[in-house]
C-alpha cells in the first residue's frame, strides 16, 4: 500500500471536489519507463508501444492534463533503472509510477497475467493516497486492458483501450493450429491474452485504433466475435504521431557526427570498395521472424539489377560486427541472424550487405537523415504492421519508404489514390525486389515522394494531433466540451 492513504470516505468526497485540470492515468504493466529510455528496441517488451505511451503522455501534459504512467517496480540488480517508486519525465509534469506486484525480479510480459489484479489494487491505493481519483484511465496492450477492468471494478473509473497489437493476429501469423496450440500457448499465453482482450473490449468505454484497417480487420476477427463490433461507435481512429524534436530533416543532434562515423566505418568494413557511393536500402527494427528480415535479404539476393542499384544495410543493437560473430544475441535474434548469414553466403552477397550498430532514437534519426540525403530508402518488410511508426519517423527525416502492404502502412502511404511512398507484398520476394528496384531507379519519383512524405507527417502525424484525438473522445464520453 502506498503511504499516507486516506480513508475511502475521504477519497470519495475528494472526488466530488474535482480540480479543473483533467487527470488521466496510463495502465502499462509490461516493459518500463525512465528518462533514459533504457532497453528500448533492445527487448521485445520495450518496443514501439512504450514510445507511443511516452509521447502521448507528454503531448497530453502539454495540453494541460495531469498524467501518471503506471508500470511495474522491479527490484533486480540487472534492472536497476526501475527500482525507484517514482520518476518524472524531464521538462514535463508526467509522472512514472512503479507499482510493486508479483515477484521482485523482471518478468516478461507473458508471465505478468497472474499478478494484474495486484497491480490494479496498487494503482487504486496510489490514488487513494493522493485523495483524488483520475477522471479517466487509458489502457495499453491486453495486460493493461485487463488491469483497467480490475481498476474499474475497484473505483468505477472508466477507461479506453489501445491494443497496439491483438493476440488473434499474432496467432494467425505464427500459424497456430490444433497440432501446435499447446506449445504456442505455453510460450505466448494466448488463452489468457485472448480472454483478457475480449473482456477489455466489452468493458472499455472507448477503443482507440491507429487505422481503419486495424478497426475493420483486427476487431472483426472471429476470436473477438461478441466482444465488440468493428462498427461500434466507441471505436475511434486516431493515428499516432512522431517526435519531431528527434525525427526531422534539419535538426542535428548530439549523436549526428558519431552516427555518420559509425555508418561510414560500417560500410567501409562490410562493402566492396567498388560499391561505395551506391544508395542504401536500410532496414531497422528488432531481429524477429515477423519483421521479415530474411524476406528482404531474399528479395535483394534474387534481383541482380537491384543489387547493381544499391547496397543493403541492416541495423542492429549490441553487436559490432556480426560477420565476426554474434554470440551475445538472444535465442530468437540469433536464429534470425543465422538465417540471414546463410542467405547472404548462399547467394554470394558478402560485400553488398552491411551491418551497423545503432543504440538510440537519436542515432536512428541521424541515420535516416544521412541515408535520405544520399538517395536511399527505408524498407519495412514486416509480415504485418499494426501501424508502422518507423514509416512516419523515416518520412519525417526525408527518407523515402517502401513498406509492407499488410497493416497500417497501406493507410500512411496511400490516401484517396495519392501515393506517399511504396507498398510491397512481404510474402513475395519477387514483388519486393521489383518495388525496391523502381524506388531506387526513378530519381524524379523519389524526389517527389521525399517532399510529399515530409509534408504528410507534419499535416497528419504529430503527437499533438494524437493527444487531441484522445481528449476529444474522452471529453465526449465524460460529457464535457471537447477541444
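The values are calculated or read from the model by the stated rules, or taken from the named source; none is laboratory data. Being a predicted model, the structure only gives us computed values, none of them experimental. In this analysis, Cβ positions are derived from the backbone assuming ideal geometry, glycine residues included, and neighbour counts consider all displayed protein chains.
Against the conditions (1) in contact with a strand residue (DSSP E or B) (Cβ under 8 Å, 6 or more places away or on another chain); (2) crowded, with 24+ Cβ neighbours inside 10 Å, residue 366 satisfies every one except (1). Candidates 438, 468, 451: the one that is touching a strand residue (DSSP E or B) at 6+ places or on another chain (Cβ under 9 Å) and either outside any loop (DSSP other than H, G, I, E, B) or closer than 30 Å to residue 298 by Cβ (or both) is 438. Scanning the range 305-333 for residues that are without any contact (Cβ under 8 Å) to a residue 24 or more places away in the chain and surrounded by 17 or more Cβ atoms within 10 Å (Cβ to Cβ) returns a single hit, 326.
Restricting the range 178-196 to residues that are more than 23 Å from residue 331 (Cβ to Cβ) and free of Cβ contacts under 8 Å to residues at least 60 places away in the same chain, which is surrounded by the fewest Cβ atoms within 10 Å (Cβ to Cβ)?
Taking the range 178-196 first, the residues more than 23 Å from residue 331 (Cβ to Cβ) are 178, 191, 194-196.
Next, from what is left, pick out any that are free of Cβ contacts under 8 Å to residues at least 60 places away in the same chain: 178, 191, 194-195.
Values: 178: 6, 191: 12, 194: 20, 195: 15.
Only one residue tops the list, namely 178.
Is at least one residue of the range 401-423 at pLDDT 95 or above, in contact with a strand residue (DSSP E or B) (Cβ under 6 Å, 6 or more places away or on another chain) and surrounded by fewer than 16 Cβ atoms within 10 Å (Cβ to Cβ)? No. If the condition is being in a helix (DSSP H, G or I) and within 22 Å of residue 390 (Cβ to Cβ), then the range 255-282 contributes 256, 258, 259, 260, 262, 263, 266, 267.
Just wondering, is there one or more residues in the range 237-247 that are more than 21 Å from the chain's Cα centre (by Cα), assigned to a loop (DSSP other than H, G, I, E, B) and surrounded by fewer than 18 Cβ atoms within 10 Å (Cβ to Cβ)? Walk me through how you get there before you give the answer.
First pass over the range 237-247, keeping only residues more than 21 Å from the chain's Cα centre (by Cα): none.
There is no residue in the range 237-247 that is more than 21 Å from the chain's Cα centre (by Cα), assigned to a loop (DSSP other than H, G, I, E, B) and surrounded by fewer than 18 Cβ atoms within 10 Å (Cβ to Cβ).
Looking at the structure I just gave you, is residue 80 over 30 Å from residue 62 (Cα atoms) and surrounded by fewer than 17 Cβ atoms within 10 Å (Cβ to Cβ)? Criteria not met by residue 80.
Within the range 42-81, how many residues turn out to be touching a residue at least 24 places away in the same chain (Cβ under 8 Å), in a helix (DSSP H, G or I) and over 20 Å from the mean Cα position of the chain (by Cα)?
Within the range 42-81, the first condition is being touching a residue at least 24 places away in the same chain (Cβ under 8 Å), and the residues that meet it are 42, 44-45, 47-49, 51-76, 78-79, 81.
With in a helix (DSSP H, G or I) added as a condition, the list becomes 48-49, 51-62, 78-79, 81.
Restricting the remaining residues to those that are over 20 Å from the mean Cα position of the chain (by Cα) gives 61-62, 78-79, 81.
The qualifying residues number 5.
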